[in-house]
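Dropping a structure here in structure tokens format, bear with me for questions.
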């Protein structure tokens, strides 16, 4: 039976999740010898317990455990800043951009923020989401990427656009842009979210 607490940081282990939600320790790497201190069953943290120092630095590249990530998804969305903070930032930026006139060609701060955070494929918001996630950084990035795609779709479907010849953009063209925005934003969110998680682990290795 594995320890109920992480031997590196003392964080309570959730069910049979493979990684520590606080420091990212892979429980599969712990010794399985019953004589080893890390394998002694623990149901309550001992009084005055001192966490032993880490023997191995966090691994930069970790395998994806999709089933565990899906189980932890409600916590990722509802009980962490990884999705809430960049998500609220996207909504606020979109609101300010629309209030300023909703013109991406304008040389002002709202238009610049909209282009960097929301215009597909989004870059900054998924990176931030991945960096804030203790685990499942790619899923955090995917959620934020999809949200950016949805907000851009609203902009495309509700805005007034004309070509250089003064011809209005057709409904078919608008929906083509919506499809592109949703797909590219989701894929970019997965990638940049994972990249943000990698950056977090680099910081832990260098400064942890």
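To two decimal places, what compactness ratio does segment 66-207 give when its Cα radius of gyration is scaled by 2.2 N^0.38 Å?
1.13
Another question about this same structure. To make sure I understand, if each residue's beta carbon is the centre and we count other beta carbons within 10 Å, what order do 69, 29, 103 fall in, fewest to most?
29, 103, 69
Mind checking the full-extension length gain between residue 154 and residue 173? Use 0.36 nm per residue of separation minus the Cα-Cα distance, one decimal, nm.
5.4 nm
Same structure again: Can you work out the FRET efficiency for the pair residue 161 and residue 88, with r the C-beta to C-beta distance and R0 = 25 Å, to the nearest 0.05?
It comes to 0.35.
In what order do 153, 100, 171 fall by count of nearby beta-carbon atoms within 10 Å, going from fewest to most?
Going from least to most buried by this count: 171, 100, 153.
Let me ask another. So how far apart, in nm, are the two label points at residue 203 and residue 75 if each is 7 Å from Cα heading toward Cβ?
It is 2.1 nm.
FYI, it's all coordinate maths here, none of it is from the lab. Computed from a predicted model, the values in this text were never measured in an experiment. Ideal geometry is used to build each Cβ from the backbone, glycine not excepted, and the neighbour counts take in all protein chains shown.
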